[in-house]
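Visitor: The following block contains the structure, expressed as structure tokens.
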Amino acid sequence: MKSTDVLIVGAGPTGLVLALWLSRLGVGIRIIDPVMEPGTTSRALAVQARTLELYRQVGLADDVLQRGLRFTGVNLWARGTRLAGADLSDIGQGVSPFPFITMFPQDQHERLLAEHLRRAGVEVERGTRLESFEQQAHGVVAKLVGPDGGASECSAAYIAGCDGGHSKVREGLGIGFPGGTYDRVFYVADVELSGPTSNKELHIALDEADFLAVFPMKGDGAARLVGAVKEESEAKRRNLTWNDVSHEAVDRMKVKVERLHWFSTYRVHHRVAERFHSGRGFILGDAAHVHSPVGGQGMNTGIGDAINLSWKLAAVLQHRAEAQLLESYEPERIAFARRLVATTDRAFTVASGEGAYARAMRIHAVPLLVSRLMARASVRRFLFRTVSQTALTYRQVHFNEGKAGGVRGGDRLPWVAAESAGGEDNFAPLASLDWQVHIYGGASAELTAACSQRGLALHVFPWTSKAREAGLALDAMYLVRPDGYVGMADPAGSADTLEAYIEKRELRFRS
């Protein structure tokens, strides 16, 4: 029987990111996937700013930016006419070092993650599926079936289900997956196109009888089309082709498909698991939550799950925290998943709903509202923070505490740009993947000594107008978690407050 610290089931983006972070943190892993070859279709496309910030911690962000396409504009169409548009090139300026959305197809994304994982000495065990598993007092014993049909067993301290909507791990944990499925059948097609929508911006048709979104991709004429299948074709359900697509919006927007690379149909689901954690088992990504593709949130949310769980598993396995730390994974991630499903459900209903009211909203109200709102800097900033997931907070979870300035425990550490070209911003130290203390101004001798005694890195940054604008407070202390979120904020910068937080949670540090 082979043994490991964590058995990861599923090698999509969520499983690969979990494996990569755990390996960087020195945790033993096995990652299995029943599919013999990695995916060759693009599926998820958008990489949000918060994902790039987290990728930067392990040297991934530059590779994604080099291979992906920076997304800078959105246009709304109805009845063949462009009714509204917005320039998104500077929408997140001052909020993130990555103030934009990046288009990077999932198949390429997975290959990049697998490359970095391979450099860390880990290979995905393809063609290996999970048959069943049993939780025991000190771990999990899983029964696996290899590519040759041979059975084997693996013992692990923990099992992580990153195995999608039909998760075997979720099933084995006995966790329900309530929700529903929208009636309409949609299609996704990766194409080469020409016409007015081939300008590397996002185009959305809000027609009476049709829905179409044209997503830009890197490469001449490369784009993804997402739209509705003709109602009379839905009854077939099998072997649907490009000819079954409703072409009304395609024709009205003068989209000329020069070449079809990939085509698939799907139904949109909206579900959130009843729990994300049971005993020594965890579920992440699509195994825990599925929702409409509005806003490009799905893959990014799964990646956020993986990073949230990874450092907690590493800390417990390496005896730097008690097992109770793992209890914070579910409340931090499930609250966001539920909120996300609710908001994307409302947006998706407006974008694709049928009936006179829904059509009137799409054609008349939405373009006018978008034009007016996107002209306001405050709205643009709010939209970026929401879609980019930089506004995601864990304030509601008791593991995080305190407030200093506009920053509370559980908030993402605000980004403060470097003061000069070639200087380092306040996100640079996060590459350590360990807890650290940030001070903007000056640290007391007592706090400096406490950090040194604990082996806790202390980073003192100059007090600047940028720090103030980011919501930080002069001389306040921010205890930053390995995932870049603030665990504790203290306006007094007190060594005693730091010690009390650490002792209460029984934390120890890697430094």
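Please treat every number below as a calculation from the coordinates, not as lab data. The model shown is predicted, which means the values in this text are computed figures rather than measured ones. Glycine gets a Cβ as well: all are built from the backbone with ideal geometry, and neighbour counts include every protein chain shown.
Visitor: Fully extended, how many nm does the chain gain between Glu419 and Glu274 (0.36 nm per residue separation, minus their Cα-Cα distance)?
Guide: 47.6 nm
Visitor: Under 20 Å Cα-Cα from Lys254, which lysines qualify once same-chain neighbours fewer than 8 residues away are excluded?
Guide: Lys200, Lys230
Visitor: Additional query: So if we plug the beta-carbon distance of Asp251 and Asn199 into 1/(1 + (r/R0)^6) with R0 = 22 Å, what FRET efficiency do we get, rounded to 0.05?
Guide: The calculated FRET efficiency here is 0.75.
Visitor: Further question on the same structure: Whose amide H sits under 5 Å from the amide H of Val35, counting only residues 5 or more places off or on another chain, with H placed in the peptide plane?
Guide: So Val35 has HN proximity to Gly127.
Visitor: Kindly list the residues of segment 1-42 that lie in the label zone of Trp262, defined by a backbone N under 20 Å from the point 7 Å along the Cα-to-C-beta vector.
Guide: 10-17, 33-42
Visitor: So, one more: So how far apart, in nm, are the two label points at Arg79 and Gln453 if each is 7 Å from Cα heading toward Cβ?
Guide: 7.5 nm
Visitor: Any idea what the dipole of the chain comes to, in debye rounded to 20, about its Cα centre with Lys/Arg Cβ at +1 and Asp/Glu Cβ at -1? Don't skip to the end; give the middle numbers.
Guide: On the way: 59 positive and 58 negative charges, 154 e Å.
In total the dipole reaches around 740 debye.
Visitor: Calculate how many DSSP beta bridges within segment 401-505 are antiparallel, expressed in % of all such bridges and rounded to the nearest 5.
Guide: On the way: 11 of 18 bridges.
Among the beta bridges of segment 401-505, antiparallel pairing accounts for roughly 60 percent.
Visitor: Determine the alpha carbon to alpha carbon distance for each of Lys168/Lys312; Lys2/Lys312; Lys312/Lys504; Lys403/Lys466; Lys403/Lys504; Lys312/Lys403 and list only those over 21 Å. All intermediate terms of the calculation are to be shown ahead of the outcome.
Guide: Numbers: Lys168/Lys312 23 Å; Lys2/Lys312 23 Å; Lys312/Lys504 16 Å; Lys403/Lys466 19 Å; Lys403/Lys504 18 Å; Lys312/Lys403 23 Å.
Result: Lys168/Lys312; Lys2/Lys312; Lys312/Lys403 exceed 21 Å.
Visitor: Could you order the peptides 387-395, 264-272 from most to least packed, using the average number of other C-beta atoms within 10 Å per residue? Before the final figure, lay out each step's value.
Guide: Values: 387-395: 20.6, 264-272: 16.9.
In decreasing order of mean packing, 387-395, 264-272 become 387-395, 264-272.
Visitor: If you count, for each residue, the other Cβ atoms within 10 Å and average over each peptide, how do 133-139, 162-168 line up from highest to lowest?
Guide: On the way: 133-139: 13.6, 162-168: 20.6.
By packing density, highest mean first, the sequence is 162-168, 133-139.
Visitor: Determine the calculated [θ] at 222 nm for the chain from helices alone, applying -39500 (n - 2.57) to every DSSP H run no shorter than 4 residues and normalising by the residue count; nearest 500 deg cm²/dmol. Please report the intermediate quantities before stating the final value.
Guide: On the way: 15 runs with 151 residues, N = 511.
So the helix-based figure for the chain works out to -8500 deg cm²/dmol.
Visitor: Which of the aspartates and glutamates could a cross-linker span from Lys218 if the Cα-Cα distance has to be under 12 Å and same-chain partners fewer than 8 positions apart are dropped?
Guide: Excluding near neighbours in sequence, the set is Asp190, Glu192, Glu201.
Visitor: Using a cut-off of 15 Å between beta-carbons, work out the net charge of the residues near Pro491 (Lys and Arg +1, Asp and Glu -1, Pro491 not included). Can you show the working numbers first?
Guide: Details: positive: Lys403, Arg408, Arg468; negative: Glu401, Asp411, Asp475, Asp490, Asp496.
Overall, the nearby charge balance is -2.
Visitor: Using θ = phi - 60° and the Karplus form 6.51 cos²θ - 1.76 cosθ + 1.60, what ³J(HN,Hα) does each residue of segment 71-87 get, whole Hz, x for Gly and Pro?
Guide: Using θ = phi - 60°, the values come out as 9, 10, x, 10, 10, 10, 10, 8, 6, x, 10, 6, 9, 7, x, 8, 7 Hz.
Visitor: Separate question: Pull out a ≥ b ≥ c, the square roots of the eigenvalues of the alpha-carbon gyration tensor of the chain, then state rounded if a/c is under 1.5, prolate if not and a/b is larger than b/c, and oblate in the remaining case. Before the final figure, lay out each step's value.
Guide: Values: a/c = 2.02, a/b = 1.28, b/c = 1.58.
Cα axes put the chain in the oblate bin.
Visitor: Want the number for Asp496 to Ala342: 0.36 nm per residue separation, take away the alpha-carbon distance, what's left? Before the final figure, lay out each step's value.
Guide: Values: separation 154, 0.36 × 154 = 55.44 nm, distance 4.14 nm.
The span from Asp496 to Ala342 would gain 51.3 nm if fully extended.
Visitor: While we're on this one: How charged is the neighbourhood of Arg67? Take every other residue with its Cβ under 13 Å from the Cβ of Arg67, and add Lys/Arg as +1 and Asp/Glu as -1.
Guide: On the way: positive: Arg70, Arg111, Lys218; negative: Asp62, Asp63, Asp107, Glu110, Glu115.
Residues close to Arg67 contribute a combined charge of -2.
Visitor: Now for a different question. Identify, among Leu326, Thr102, Val257, the residue whose Cα sits farthest towards the positive end of the charge dipole of the chain, taking +1 on the Cβ of Lys and Arg and -1 on the Cβ of Asp and Glu, with the dipole about the Cα centre.
Guide: Val257
Visitor: So for the chain: antiparallel DSSP bridges make up what percent, rounded to the nearest 5?
Guide: Working: 70 of 97 bridges.
Counting DSSP beta bridges with both partners in the chain, the antiparallel share is about 70 percent.
Visitor: With each pseudo-label sitting 7 Å past Cα toward Cβ, what's the Val35-Arg508 distance in nm, one decimal?
Guide: About 4.1 nm, to one decimal.
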